[in-house]
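Peer 1: Below you will find the structure I want to go over with you.
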């Protein structure tokens, strides 16, 4: 399968960084974080090797992202272009809230190999801020978090994606692993990372013909399967779809994508659309044709809901979550929410319901305790009286008492 | 040295396509030439296959391309063990990923760990039990599933019901489904499941109740609508069945089972033209489904659009090159009046035959083709050695041997070997344990043979009694064959002189008399024999006017004049009788039997027969 092999290029790059002088004269204490040399496997990230380092200049931890020098990837023009595009996009996000910040732009790490023959190897890289906090535990360890905590996290996720969309950047590979969080005083900030597949509205697609999705397949929207993954106008809806998958997975032990494909109808519809669009080359026509055919085929797929097997969402917010989920994941991108603000509002309502419910429970509990205390007091008094009666002790009350 | 002469393109002569002739033997005595369609036609059909797209194949590509990504995700997630290693959700997701990349044993290991982490989670427990059942349907995992279900978890109960269904224990499956509906009467899954189980167990009226509730919960369920259609179909409410299946198709146009069902229903209700856009629509995105091509070709064939039917079948042949499609092409060519082509296509269909039992439909069609194209000798030549074997293949649901036999009998009749045909028919009937439509045909033929052809009274009586037996049995005969048999029985009784019996049986036929020249003629005969010759004449004349075939018209006219002559004889008007007899003899291409009768009877009148001019 895809047991990635240790390549000479990778180990060479790692060795040169770990044992060499500070990179660019400022980045030191470098360690690779997404490659395990003992297992010889890449842990995450398909395009790049990521290193954690300390920036001498600012005394901050940074992430250095190198283009993966694996021979199987080095000649892929799409991957190279996507890697070069990432720092350009990040440049446009400089100073923007809830967005990953670029520390230094595209540069080359040049390693001279003394021969014979003597030659130079160039490894392109850029540097971004290092954000430590993961959010994946909310998805993978659901029992440890209540519904309110999960929804608050999802709200923060929505805000981070909204921030990207506000700057006309669409991520196209949203998944729990591609978010990090940090605390600004007591406020948690979630940030979308790994913009390797992201694209900006108004730019020309790198690849002329996208035959399939560019991100993780179980988070990919149906249009991405039909050659529309590179279409800028609808990229926003692809992000919405992935967010819907994430919302579902906060409450379900299964993957949304897996449940969606269980009946086979999702794949059938996507395959049918692919065939119907087979000879439509013009991107505009393609979207038009997709629109036309999807309108007829969209009802064939039953979307998972919060009533699906194994899902554990509080009953009081089930309908609200279903509405939010439908708004994000319906088959046809035209039926999805136009802006994530709409989803955020629903999540806010759900949060209020949960808060009210909790408050109401608290009050009921308080009342129950007060009542219980009264009952206990009365019982104690009666018990005392009974004991006195049984011990035949009568105390005559004096008139002044 | 460089060759600088320019490249030339050689002009090709265009040649006519030639039928492929394959000699089967080289013996002079047994010279058999096997004719196939021209090579160009076969190659053209084969080349069509490269242009076809298939949903199944594209879906397979999706699955394969997803596998790598899923395994990568598994590896990535596995690396998160420090963060969330003890979580049951985490372990379950690892199991899901492994299951999808085709590593079920490892997946089961992770799932077991997940269950250990959350021993009271009904979802995980039932998932583990299902994994066990997937490995071995008869394993004890079902009892584990029962334990989880007993705790009242709806989804585990659903799985349990399905598990019993897969074990073919429908009553247990239904009782579990009943339990789920009692737990949540508005559950879509529960209602759909129970409705479908009730449908499978032959209780469509109860199934409908559940399916209606399921549809109230999820109005966009194509599955519920299609099952509802089947339920209505079983209840013989074709209109509602059609409407339900049509809705199912509107919701889910990519479901080929629904497309096929809808198309079959349109065909059954005589609205075959409506199935064409549905079938063509489906073929726009899935062109490797022979079942769908088949149906489209049939629709065109029924509508008489033979060229489109042929093109459709050629497309089908490019995806499924078997005897059935070539057989269909032969039928289309035959219907299009291209007998030679049909003959070659039949030959090619025979060359594609796999198993012997698949051959019956093809043989039946081929025999009917030979019969229809008057190639009786060829038919008898081929049929004689196999006819005994064919009859052994006959089963309750298999009508092909009967069709083969009918074509054989028909050929014998056409070659005027009626006695042989009668003998074969009698033997055929003696082998039948129950009556089928072909058997009724045989009874009809034998009634005709012994009443009209040979005037064998005892045999005619015997087969009249067989016909009566048939009419009084529990067999539900369709109206038309039933009326036909009644009419023939009445005719036989008239000829046997049992006029009252004849009238009694004909009473059932009388309301339908205007629909059929045979019925009109029998009514005329009854009237003649009653002595009401004027009305008899009127009915016979109407029968003659009503008959579509020339030969039948001639025969009916002969019989009319014969009966008129007899009535004149009965009234002592020999002159008029003679002129009627002469009219019988003057009619060309009629029945030789009537000719003979007329000759004999007119000789009886005068002793001398003047040859008609």
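Readers should treat all values here as calculations from the given coordinates under stated rules, not as data from a laboratory. A quick note: this is a predicted structure, and the numbers were derived from the prediction, not measured. Heads up, the Cβs are rebuilt from the backbone with ideal geometry, glycines too, and the neighbour counts pull from every protein chain shown.
Peer 1: Take peptides A:121-134, B:556-569 and line them up by average Cβ neighbours within 10 Å, highest first, as a rough protection proxy. Present the calculation step by step, with values, prior to reporting the outcome.
Peer 2: On the way: A:121-134: 18.2, B:556-569: 22.6.
Highest mean packing first, the order is B:556-569, A:121-134.
Peer 1: Kindly identify chain A as rounded, prolate or oblate by the Cα gyration tensor criterion: order the square roots of the eigenvalues as a ≥ b ≥ c, call it rounded if a/c is under 1.5, otherwise compare a/b with b/c, prolate if a/b is larger, else oblate. All intermediate terms of the calculation are to be shown ahead of the outcome.
Peer 2: Numbers: a/c = 2.92, a/b = 1.65, b/c = 1.77.
Judged from the Cα gyration tensor, chain A comes out oblate (a/c at least 1.5, b/c at or above a/b).
Peer 1: Continuing with the same structure: Post the alpha-carbon centroid distance, the stretch A:55-101 to the stretch B:541-570, in whole angstrom.
Peer 2: Comparing the Cα centres of the stretch A:55-101 and the stretch B:541-570, I get a distance of 101 Å.
Peer 1: Return P(r) of the protein assembly as shown (all Cα-Cα pairs; 10 Å bins starting at 0; whole %; ordered from short to long distances).
Peer 2: Percent of Cα pairs in each bin: 2, 8, 13, 15, 14, 12, 10, 8, 7, 5, 3, 2, 1, 0, 0, 0, 0.
Peer 1: Where in the stretch A:132-169 does the amide nitrogen come within less than 16 Å of the point 7 Å from the Cα of residue A:338, taken along Cα to Cβ?
Peer 2: Under cut-off, by backbone N: A:166.
Peer 1: Turning to a different aspect of this structure: Taking the simple approach of a point 7 Å from Cα along Cα-to-Cβ for both residue A:80 and residue B:64, what is their distance in nm?
Peer 2: 2.9
Peer 1: Right, another one. Classify the stretch B:516-613 from the C-alpha gyration tensor, please: rounded if a/c falls under 1.5, else prolate or oblate depending on whether a/b exceeds b/c.
Peer 2: Values: a/c = 2.46, a/b = 1.29, b/c = 1.90.
Oblate shape, in that a/c is at least 1.5 and b/c is the bigger or equal ratio.
Peer 1: Give the separation of the Cα centroids, the stretch B:200-245 to the stretch B:268-314, in Å.
Peer 2: 26
Peer 1: Moving on. Please compute the alpha carbon radius of gyration of chain B, then divide it by the globular-protein estimate 2.2 N^0.38 Å. Two decimals is fine. Walk me through the intermediate numbers first.
Peer 2: Values: Rg = 34.6 Å, N = 613, 2.2 N^0.38 = 25.2 Å.
In units of the globular-protein estimate, chain B measures up at 1.37.
Peer 1: Can you sort A:391, B:591, B:243, B:226 by how many other beta carbons sit within 10 Å, fewest first? Could the numbers behind the result be given before it?
Peer 2: Values: A:391 8, B:591 19, B:243 15, B:226 24.
In increasing order of surrounding Cβ atoms, one gets A:391, B:243, B:591, B:226.
Peer 1: Additional query: Take each of the peptides A:87-94, B:167-174, B:291-298, average the number of other beta-carbon atoms within 10 Å over its residues, and list them starting from the highest. Numbers along the way, then the final one.
Peer 2: Numbers: A:87-94: 17.1, B:167-174: 15.4, B:291-298: 22.9.
Highest mean packing first, the order is B:291-298, A:87-94, B:167-174.
Peer 1: Got the relative contact order for chain A handy, in percent, Cα pairs under 8 Å and 6 or more residues apart? Can you show the working numbers first?
Peer 2: Numbers: 571 pairs, mean separation 42.3, N = 401.
Relative contact order, chain A: 11 percent.
Peer 1: Could I ask something else about it? Counting other beta carbons within 10 Å of each Cβ, put A:290, B:376 in order, fewest first. The partial results should precede the final answer.
Peer 2: Details: A:290 24, B:376 20.
Arranged by neighbour count, lowest to highest, A:290, B:376 become B:376, A:290.
Peer 1: Using only the alpha-carbon atoms, how far is helix B:272-283 inclined from the longest principal axis of chain B? Give it as 0 to 90 degrees, nearest 10.
Peer 2: Approximately 30 degrees, to the nearest ten.
Peer 1: Tell me the mean residue ellipticity at 222 nm calculated for chain A from its helices only (DSSP H runs of n ≥ 4, each -39500 (n - 2.57), averaged over every residue, nearest 500). List each step's numbers first, then the result.
Peer 2: Details: 12 runs with 178 residues, N = 401.
Result for chain A: -14500 deg cm²/dmol, rounded to the nearest 500.
Peer 1: Pop the C-beta distance of residue A:262 and residue A:365 into the FRET formula with R0 = 41 Å and round what comes out to the nearest 0.05.
Peer 2: Numbers: r = 41 Å, r/R0 = 0.99.
The calculated FRET efficiency here is 0.50.
Peer 1: Still on this structure, please answer the following. Gap in Å between the Cα centre of the stretch A:154-203 and the Cα centre of the stretch B:113-144?
Peer 2: 39
Peer 1: What ranking do B:90, A:299, B:539 get, fewest neighbouring Cβ atoms within 10 angstrom at the top?
Peer 2: A:299, B:539, B:90
Peer 1: Can you give me the distance in nm between label points at residue B:595 and residue B:423, each placed 7 Å from the Cα along the Cα-to-Cβ direction?
Peer 2: Each label point is offset 7 Å from its Cα along the Cβ direction, giving 2.5 nm.
Peer 1: Grab the beta carbon distance between residue A:72 and residue A:285, set R0 = 45 Å, and tell me the FRET efficiency rounded to 0.05.
Peer 2: FRET efficiency, residue A:72 to residue A:285: 0.80.
Peer 1: If you count, for every residue in B:77-88, the Cβ atoms of partner chains within 10 Å of its Cβ, what is the mean?
Peer 2: Numbers: counts 6, 3, 7, 10, 1, 0, 5, 9, 2, 3, 8, 5.
Mean partner shielding for this stretch: 5.
Peer 1: Here's another thing I want to ask about it. Per-residue Cβ counts within 10 Å, from other chains only, averaged over A:134-145: what number is that? The partial results should precede the final answer.
Peer 2: Values: counts 3, 0, 6, 5, 1, 6, 14, 9, 5, 7, 4, 0.
Mean inter-chain Cβ contacts per residue within 10 Å come to 5.
Peer 1: Hey, with R₀ at 60 Å, roughly what FRET efficiency would residue B:320 and residue A:349 work out to, going by the Cβ-Cβ distance, to 0.05? Don't jump to the answer; show the numbers that get you there.
Peer 2: Values: r = 55 Å, r/R0 = 0.92.
After rounding to 0.05, the efficiency reads 0.60.
Peer 1: Further, regarding this structure: Can you tell me, using C-alpha contacts under 8 Å and at least 6 residues apart, the relative contact order of chain B as a whole percent?
Peer 2: Details: 738 pairs, mean separation 33.9, N = 613.
Once normalised by length, the contact order is 6 percent.
Peer 1: Once you have a ≥ b ≥ c as the square roots of the Cα gyration tensor eigenvalues for the stretch A:208-282, tell me rounded if a/c is under 1.5, and otherwise prolate or oblate according to whether a/b is larger than b/c. The partial results should precede the final answer.
Peer 2: On the way: a/c = 3.01, a/b = 1.54, b/c = 1.96.
Oblate, since a/c reaches 1.5 and b/c is not below a/b.
Peer 1: What does the structure give for B:51-60 when I average, per residue, the other chain Cβ atoms found within 10 Å of the residue Cβ? Mind showing how you got there, number by number?
Peer 2: Values: counts 0, 0, 6, 2, 9, 3, 1, 9, 9, 2.
What the average comes to for B:51-60 is 4.
Peer 1: Return the distance in nm (one decimal) between the two label points of a simple spin-label model at residue B:372 and residue A:114, each offset 7 Å from Cα along Cα→Cβ.
Peer 2: Modelled inter-label distance: 9.4 nm.
Peer 1: Still on this structure, please answer the following. Could you order peptides A:47-59, A:241-253 by the average number of other Cβ atoms within 10 Å of their residues, highest first? Kindly include the intermediate steps, with their values, before the conclusion.
Peer 2: Details: A:47-59: 18.6, A:241-253: 25.3.
Averaged packing, sorted descending, gives the order A:241-253, A:47-59.
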